[in-house]
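Shown next, in structure tokens, is the structure this report addresses.
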Amino acid sequence: MRVMILGGGGTLGAFSAGALGVLDDAGWSADAMIGSSAGSINLLRAYAGGPRAAVDFWMSLHWAKLLWEGVKTPTLGILDENRFHARVDEGVSFETMFHDTRCIGFLVVDLCTGEVKIRGNRTEANAEELRQVAHASYSLPPLFPPVLLQGQVLSDGGLLHNAPLDAAIELGASEIVYLCNVHVVPSSGFPPTTRRAVTRYAEIFARRASNVGFADAEIREGAYRGARFLAITPPPTHRLGPMLGRMLPRKSSMEALIERGREMAEHALGQARWASHPETADGEAPGKPWETPRTAMARMTGAPVYRMRGTRSTA
């Protein structure tokens, strides 16, 4: 079974939207999908119209327009959630998704209990509840208010558990692809000053908070708990400042993120094909027998794991 985990990261989700097209061109399709925050948006848009629809969604956003809509229609959040949900839902048949034979899940947190769960077409009673859960998975206060569903107060669970790798294993995953919008490893080296140390700490915090469930996962020989594993991620050289600057949705920043997503997906797939051979062109071993994401991703961008083209696993 092939499981895709679509990670969050605000408007950095445009990076994953770019990567989706490359995966599609490579012939990789998922048997199960789990969306977190911005990854839930990518999941819904791709479900409606393929990777192109995900790209078009991010390209349609502009911070001034979003804020103006929120001012014109005062709601419990900064932005107008009704218009935003309508954009995300356009063309999505939740009835079809509800009856889809594939597992489609969304990460949410119940603000009453603090529990983070994956809810989707295998947990909800009907298509409307599925739609509400999907909305909740990217409803991050104060931008959007939480979603009330059967006495529960549901919100974005991404900051608490962005990469549910163990849930993918429980589904029976033999292959996992994680679309990661924030590289878990900061670039190495910095002057030993108090100011830089504070900045470094903030950078590490932001990167780890964006990769909860992945930052400390044990990746052994390109696999996680027996499932072949590939992370498509930005390069570690992306510093916190520029990264935050690109989160402001406008045409130039979205275009840059989408293009970088395409580049890094192609790079990761290239490394995956290279690592499927026992030796590199230089005759060196393709990787260490045991690596955490920190060491693996510091060594190269994109975990080297397996050949993507021409393979099709069965559950």
* To do: Using a 1.4 Å probe and counting only protein heavy atoms, arrange Thr101, Thr123 so the residue with the most accessible area comes first.
  => Thr101, Thr123
* Structure fact -> Hits in the range 79-121: amide N under 15 Å from the 7 Å Cα→Cβ extension of Glu170, namely 103-110, 115-121
* What residues have an amide H closer than 5 Å to that of Val153, excluding those fewer than 5 places away on the same chain, when H is modeled at 1.01 Å from N in the peptide plane? -> Leu111, Cys112
* Under a Cβ-Cβ cut-off of 14 Å, what is the net charge of the residues other than Lys65 that fall near it, where Lys and Arg count +1 and Asp and Glu count -1? -> +3
* How much net charge surrounds Ser210 when only other residues with a Cβ under 13 Å from its Cβ are counted (Lys, Arg +1; Asp, Glu -1)? -> 0
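Please state the relative contact order of the range 2-272 as a whole percent: Cα pairs under 8 Å, 6+ residues apart? Please report the intermediate quantities before stating the final value.
Values: 523 pairs, mean separation 71.3, N = 271.
This gives 26 percent for the range 2-272.
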* Taking only protein heavy atoms and a 1.4 Å probe, what accessible area per residue, in Å², does the range 2-272 have with all protein chains in place? -> 42 Å²
* Structure fact -> Once the in-chain neighbours fewer than 8 apart are removed, the aspartates and glutamates whose Cα is under 16 Å from Lys72 read Asp80, Glu81
* Quick one: pull the percent of accessible area on the range 2-272 belonging to carbon and sulfur, 1.4 Å probe, ligands and nucleic acids left out. => 57 percent
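What's the extension gain from Arg196 to Asp89 if we count 0.36 nm per residue and subtract their Cα-Cα distance?
Working: separation 107, 0.36 × 107 = 38.52 nm, distance 4.26 nm.
Separation in residues times 0.36 nm, less the Cα-Cα distance, equals 34.3 nm.
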* Asked: Rounded, prolate or oblate: which fits the range 2-272 when a ≥ b ≥ c are the square roots of the eigenvalues of the alpha-carbon gyration tensor, with rounded for a/c under 1.5 and prolate only if a/b beats b/c?
  -> rounded
* How much of Thr193 can a 1.4 Å solvent probe reach, expressed as accessible area in Å² and rounded to 10? -> 70 Å²
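What shape does the range 98-199 have by the C-alpha gyration tensor, where a ≥ b ≥ c are the square roots of the eigenvalues, rounded means a/c under 1.5, and otherwise prolate means a/b greater than b/c and oblate the rest?
Numbers: a/c = 3.14, a/b = 1.61, b/c = 1.95.
Oblate, because a/c is 1.5 or more while a/b does not exceed b/c.
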* To do: Would you mind checking which residues have amide H under 5 Å from Ser187's amide H? H placed 1.01 Å from N; only 5 or more apart, or other chain.
  => none
* Per-residue ³J(HN,Hα) for the range 48-56, Karplus 6.51 cos²θ - 1.76 cosθ + 1.60, θ = phi - 60°, Hz, x for Gly and Pro -> 6, x, x, x, 4, 5, 5, 4, 4
* For the modelled label position 7 Å from the Cα of Thr237 along Cα-to-Cβ, which residues of the range 203-217 have backbone nitrogen atoms closer than 20 Å? -> 203-204, 207
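Extension gain Glu69-Thr101, at 0.36 nm per residue separation less the Cα-Cα distance, in nm? Walk me through the intermediate numbers first.
Numbers: separation 32, 0.36 × 32 = 11.52 nm, distance 3.73 nm.
Gain on extension, Glu69 to Thr101, equals 7.8 nm.
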* To do: Could you pull the accessible area for Lys251 with a 1.4 Å probe, rounded to 10 Å²?
  => 130 Å²
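The values are calculated or read from the model by the stated rules, or taken from the named source; none is laboratory data. Source: prediction; values computed, not measured. Reconstructed Cβ throughout: ideal geometry from the backbone, glycine too, with neighbour counts over all protein chains shown. Side chains included, ligands, DNA and RNA excluded: accessible areas come from the protein's heavy atoms. Shrake-Rupley method; radii C 1.70, N 1.55, O 1.52, S 1.80 Å.
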